[in-house]
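Right, one structure below, let's go through it.
The values are calculated or read from the model by the stated rules, or taken from the named source; none is laboratory data. These figures come from a predicted structure and were not determined experimentally. Cβ sites come from the backbone with ideal geometry, for glycine too, and all protein chains shown count toward neighbours. Side chains are part of the model used for accessible areas, which takes the heavy atoms of the whole protein and leaves out ligands, DNA and RNA. Shrake-Rupley method; radii C 1.70, N 1.55, O 1.52, S 1.80 Å.
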Amino acid sequence: MDPWYSAQDVVRCTLCKTSVAPMYCEVCHIHLCKDCVEKHFSDSSKVHDVVPLTQYITTLNYPKCRKHPTKRCELHCEQCDIPICTKCISSRNHLGHEQIDIFQNFEVKKEVLQKDLQELEKSIYPKYQEIASAIPVQKADLGKSSQKLTTTIDRHGEVWHREIDTIIHTLKSNVEEMESKYLVVLNKQEDEITHTISEITKSIADLKKLLDSNEFSLVSAYKSRIAEFRILPTKLRVSIPNFKPQEIHTDQLIDQFGSLSASSIITEEQDYSKPPQGAKSSPPDLSLMDVPRVITAIDTEYGELLCGVTCLSDTEMWTRGDDNKMKLYNLQGELVKSVQTKSGNVPYDITVTRSGDLVYTDDKDRTVNIVKNTQVQTVISLQEWRPLGVCITSCGDLLVVMVSVYSNQTKLVWYSGSTERQSIQYDDNGGPIYSSGNYKYISENRNLDICVSDCYSRKVVVVNQTGKLRFTYTGGPSITKGSFYPYGITTDSQGRILTADSNNHRIHILDQDGHFLRYIDNCDLDCPWGLCVDTRDNLFVAKYIGEVKKIQYHI
């Protein structure tokens, strides 16, 4: 029995992680053993309120069962993600599902609330304030620059004859129209940001109320808006024209007087990055489990041709197979929706943007496409290259590995939108980094390394963000030479690299420097192909036989 994930086991201390925890801090929302209580009180940054765990549990309002209203729910079904009562269990509707104490689920929900509140207060809200504070300065500079232009035009016009007054009037009108037009845009964005700040302020207040609440139904009903607030407003950059006076020639008054240079207002997308990895915000150290376990298995409609999976959320995942449809499933194996490729071809690889839009590569059509509200838009069109693996970077850009159509070449390209920013193809000696064959998938690690599974060369190839080769991995200690064929690849919050070894029916786990850590080979992984991890570092494995397995491999 795993003491960390068994609902029947005792609650362990959050600090020492080994001793039984009979106490609970209602301020910090952590479990404490008797030996760690004094250590916890030594933290004077908060006024702690430590009470017996039994006292805290009795304050939790257990919800009524949805199917059996006369019963109270004391357990939570992890697979169905709903509270259940003892009668639900006896009905065998949740047979084989993982069931945890509802108090444990309540604590997990509280942790999500606390993280959302911290990110809103410490990161997102200050970002909005910073952007909003820049707009009044831009407006003031716009007014000053416009006035300067007007003055320059006036002074230059004074030396001209009366017949050029019409020209002067026209140019001044152009300046005023420009200022008015840009002010409308700046005012609109200022109003939108002010409204969003108000929404964030309300969300902060609501989250604080929920954190102080012991009403399960209120906490359970909470819907996070953190993804919405992470999408920062665009940055407006106003380009002010210059006035270019010309020498006076009476026969060329209109041409000689001068004109305003082209002006523009440029929209720059601002990428939101989560707070820097510091002592308080860094992900917890997740050690590898001795025996990884299957949390759930999801059957799909692909039969024996399931090739890829990518998480939309912790409860839904996009999949791809050998047809022209990409399908979204939930953890119960229910088909949520499907999207057909624009060309009717089979998609080569799929990924999801930070805003939840599906991206896929079409190697036959030579395009990279994004799906927005079921509408497929082509982002990148290639002529002499076929796009294979694709992933989203930490800053929201695209990384695409591609092979040439007419020659034996492979390169990795970084795109910002549709604009190529960087191309990685050769090592320091001028030799190719990647093989020329197909079956290449890609993932960016948390240290910004770019990891490519290169099946034809039978290795995982890792370069840093500048394109310099860091290392290659050719298989673990028990792999027969030449039998390692890596397909899907992903990375987790610890910087570990996971790749699917379909030929040997296992997953390889490496550290971020390429050192072998362990295999996952005990979860009935027949022909694993596509890989991805959710926000909790649970591993999703797309098996070629048409099944997706959700696996826990860390504690």
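Observations on the model:
- Being modelled with pLDDT of 85 or more, in contact with a Ser or Thr (Cβ under 7 Å, 6 or more places away or on another chain) and open to solvent by less than 60 Å² (accessible area, probe 1.4 Å) is not true of VAL185.
- Filtered residues of segment 354-382 (kept if in contact (Cβ under 8 Å) with a residue 40 or more places away in the chain, hydroxyl-bearing (Ser, Thr, Tyr) and under 22 Å from ASP322 (Cα atoms)): TYR360
- Selection from segment 188-198 of residues that are open to solvent by 40 Å² or more (accessible area, probe 1.4 Å) and either touching a residue at least 12 places away in the same chain (Cβ under 8 Å) or basic (Lys, Arg) (or both): LYS188, GLU190, GLU192, THR194
- Any hit, segment 407-423, residues being farther than 30 Å from ARG230 by Cβ and among the aromatic types (Phe, Trp, Tyr): no
- Listed by position, the strands (runs of 3 or more DSSP E) contained in segment 279-371 that have at least 1 residues being among the small types (Gly, Ala, Ser) are 288-299, 308-311, 335-340.
- Check on ASP363, surrounded by fewer than 20 Cβ atoms within 10 Å (Cβ to Cβ) and more than 30 Å from ILE555 (Cβ to Cβ): no
- Counted residues, segment 207-226 - those being in a helix (DSSP H, G or I) and either open to solvent by less than 60 Å² (accessible area, probe 1.4 Å) or within 24 Å of LEU75 (Cα to Cα) (or both): 9
- Some residue of segment 452-459 being among the acidic types (Asp, Glu) and over 22 Å from TYR406 (Cβ atoms): no
- Residues in segment 300-338 that are at pLDDT below 95, buried (at least 16 other Cβ atoms within 10 Å of the Cβ) and β-branched (Val, Ile, Thr): 1 in all.
- Test: PHE516 is touching a residue at least 40 places away in the same chain (Cβ under 8 Å), out of contact with any Cys (no Cβ under 8 Å at 6 or more places or on another chain), closer than 18 Å to MET289 by Cα and among the aromatic types (Phe, Trp, Tyr): yes
- Flag for LYS110 being closer than 26 Å to ILE551 by Cα and over 20 Å from the mean Cα position of the chain (by Cα): yes
- Taking the criterion of being under 18 Å from VAL352 (Cβ atoms) and either open to solvent by 20 Å² or more (accessible area, probe 1.4 Å) or hydrophobic (A, V, I, L, M, F, W, C) (or both), the residues of segment 366-379 that qualify are VAL368, ILE370, VAL371, LYS372, ASN373, THR374, GLN375, VAL376, GLN377, THR378, VAL379.
- Those residues of segment 523-555 which are assigned to a loop (DSSP other than H, G, I, E, B) and among the polar types (S, T, N, Q), in sequence order: THR535, ASN538
- Every residue from segment 495-546 that is over 24 Å from PHE471 (Cα atoms) and of a type in the set (Phe, Trp, Tyr): PHE540, TYR544
- Taken as a whole, segment 173-180 holds no residue that is within 29 Å of the chain's Cα centre (by Cα), in a helix (DSSP H, G or I) and of a type outside the set (Gly, Ala, Ser).
- Any chance SER145 is among the small types (Gly, Ala, Ser), touching a residue at least 24 places away in the same chain (Cβ under 8 Å), assigned to a helix (DSSP H, G or I) and out of contact with any strand residue (DSSP E or B) (no Cβ under 8 Å at 6 or more places or on another chain): yes
- Selection within segment 227-260: residues that are in a helix (DSSP H, G or I) and modelled with pLDDT of 85 or more. The member of this set that is least open to solvent (accessible area, probe 1.4 Å) is PHE229.
- Selection status of HIS76, in contact with a strand residue (DSSP E or B) (Cβ under 6 Å, 6 or more places away or on another chain) and either modelled with pLDDT under 75 or open to solvent by less than 20 Å² (accessible area, probe 1.4 Å) (or both): yes
- Here PHE103 meets the list (1) modelled with pLDDT under 80; (2) open to solvent by 30 Å² or more (accessible area, probe 1.4 Å) almost entirely, failing just condition (2).
- Filtered residue count, segment 128-138, keeping only those that are open to solvent by 60 Å² or more (accessible area, probe 1.4 Å) and touching a helix residue (DSSP H, G or I) at 6+ places or on another chain (Cβ under 9 Å): 2
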